[in-house]
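A.B. asks: Before we start, here is the structure in question, set down as structure tokens.
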Amino acid sequence: MSVASLLRSAMRVVNRHVAAHLVHQRALSGADAINALRPFYFAVHPDFFGQHPREREVNENSLKRLNGYLENLQKPGTRSVQPTKLTFYVREIKEKEDIQKDVLPPGFRSVSFTLQTKDVLTTVMDVLKSCSLSTEHMKGLKASSESPKSQQPVAGHGNPFYRPIKWDKSYYSFTGFRDPEQELKQAKKVEPTLSLWLRNHEKEATKKQNASVPRREELKRLKKELCQKFALEDIRWQRSWGVTHRCCQLQSLSRLSQQNPEAVLNLRGHTIIFTDQSGMNASGHVMLGTMDVHHQWTKLFVSLPSYCSLLQQTEWLKERISHVLGGIQVINIERLGPVQPIEEHCSILNTFHKRLLARRLALHPRSLQGLAMTLENDRSSPSLHEMGHFVIPATCEPSRLQTFLQSMAWEARQRIKHRNQLQKEEEEVLLHCLEALALRNLSKEPSVRHNQMIPCCRRLLEERFPLMEGLRVEVSHFYSVMQDGDLCIPWDWQG
């Protein structure tokens, strides 16, 4: 047998072992998901639908829902995600038979599908397949969702690809395999620079923003009027709905208050959140489902005293848990995805409290003061979040919990200190950026981290784009001009 044959045989054996290792150990991170979905984003991005406003708006709203779905799946201790139906208008990049040519504009096709997945990888695959897009670049990852979460490695901040072995470039040349790092670099090159993108879209953003001014004033007036009339703490929205949509929701609540003023009196002192379902969330905020009718809202208002009793019970349980666990505070973090109803939150607290009472723990009353924890119903082991709070399963064995909390308390305090420093630094650089660039507003999506927002703002200060003056800018993960003129730019925009 020749040397070349022996080498090829050895490489086949190595490839089988490496493939098996990667399949079982690789975790699909957020960066992986974004890059895996690039063909999809290229086919549905709203920027390509400038001449078709209805299709553009549908894609904008569906992209927001998809991003929220993916972000919720990536959060530690994610509960089961509610099925989400999405509709996209997909550009026909390749020449195909136009089945819907009598209904849709030339070159578009409508795709509707429902996501019922439990991990990021399966979600990405479902989206690509539903839109009839290639999944060739996903080979070698299809089994990663089957590997236990406890065995999945965490991708580093600077390296979205988990690879236990960094192969030399000659390996990819010899085998013909794709180099994922090289593909990422090439994908970045395809993205437009921020200056070029601004030149192409600044006029559109300015026009939409100017047109939205009366609607923004109306929204501000309605919100202030309702908050004063019913002594509300605040009115919020879980999703990034447009100004017109928000105005319609407030007008609907205003009409209901005129039709049934007595029922609305129970709202006094509460915060209202417009979301996908009606009820009360774990923080005690009143949720109004945007798809519900007035009858369902009225029924909720009448039931608010019962919800408030349940909220008082949850507060009592949190106090008792804090007393047993050395002063640690039980908190609830509002999520981008499906919210946690107060009934579920109270049940989790009650289960956890009973487990603690069954064992007498030896924790100093103030040893964990200043720390925080969240309770999750579907986790098997406790963990420490990068932001410094503990994520604890409701069924965690008390003695194991005590050991974990005591051993990680110092690290938790360090992470909280680092988080506070980053938060302060972000607030300062954001304010400086807002003033120096003469922006109308500067914000970020909740999924953009502090260590992403800070360098983004610093680079904006260095470049100083005159075309951004007077605009509303939101730092996100992709480029887009929203329906009300808000300018979305990726945090890692190309200079």
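The values are calculated or read from the model by the stated rules, or taken from the named source; none is laboratory data. Here the structure is a predicted model, which means the values were calculated and not measured. All Cβ positions, glycine included, derive from the backbone under ideal geometry; neighbour counts span all protein chains shown. Ligands, DNA and RNA are excluded from the accessible area calculation, which covers all protein heavy atoms including side chains. Shrake-Rupley method; radii C 1.70, N 1.55, O 1.52, S 1.80 Å.
A.B. asks: Give, in nm to one decimal, the length gained when the segment between THR351 and SER254 is fully stretched (0.36 nm per residue of separation minus the Cα-Cα distance).
C.D. replies: Here the segment from THR351 to SER254 would lengthen by 30.9 nm.
A.B. asks: Also, quick follow-up: Place a +1 charge on the Cβ of each Lys and Arg in region 397-450 and a -1 charge on the Cβ of each Asp and Glu, then give the dipole magnitude about the Cα centre in debye, rounded to the nearest 20.
C.D. replies: Using only the charged Cβ atoms, the result is roughly 180 debye.
A.B. asks: Same structure, new question: Post the alpha-carbon centroid distance, region 352-370 to region 418-495, in whole angstrom.
C.D. replies: If you average the Cα positions of each part, the centres end up 42 Å apart.
A.B. asks: Just check region 318-419 against the gyration tensor rule for me: Cα atoms, a ≥ b ≥ c as the square roots of the eigenvalues, rounded for a/c under 1.5, and otherwise prolate or oblate depending on whether a/b exceeds b/c.
C.D. replies: Oblate, since a/c reaches 1.5 and b/c is not below a/b.
A.B. asks: Could I ask something else about it? Given the whole protein assembly as supplied and a 1.4 Å probe, what does the accessible area of GLU233 come to in Å², nearest 10?
C.D. replies: Here the accessible area works out near 130 Å².
A.B. asks: Calculate the FRET efficiency for GLU463 and GLU136 from the Cβ-Cβ distance with a Förster distance of 35 Å, rounded to the nearest 0.05.
C.D. replies: Efficiency, rounded to the nearest 0.05: 0.45.
A.B. asks: Strictly over 25 Å apart at the Cα level, which of LYS64/LYS208; LYS203/LYS444; LYS64/LYS224; LYS64/LYS118; LYS299/LYS354 would you flag in this model?
C.D. replies: Table pairs above 25 Å Cα-Cα are LYS64/LYS224; LYS299/LYS354.
A.B. asks: So what are the ³J(HN,Hα) numbers for region 353-361, from phi and the Karplus equation (6.51, -1.76, 1.60; θ = phi - 60°), rounded to whole Hz, Gly and Pro as x?
C.D. replies: 4, 5, 5, 5, 5, 6, 10, 8, 8
A.B. asks: Taking the Cα-to-Cβ direction at ARG366 and at GLN74 and moving 7 Å from each Cα, how far apart do the two end points lie in nm?
C.D. replies: Result: 4.0 nm between the two label points.
A.B. asks: Turning to a different aspect of this structure: How charged is the neighbourhood of SER399? Take every other residue with its Cβ under 12 Å from the Cβ of SER399, and add Lys/Arg as +1 and Asp/Glu as -1.
C.D. replies: Cβ neighbours under 12 Å give a net charge of +3.
A.B. asks: Based on the Cβ-Cβ distance from ALA231 to THR395, what FRET efficiency comes out when R0 is 45 Å, to the nearest 0.05?
C.D. replies: That pair, ALA231 with THR395, gives E of 0.65.
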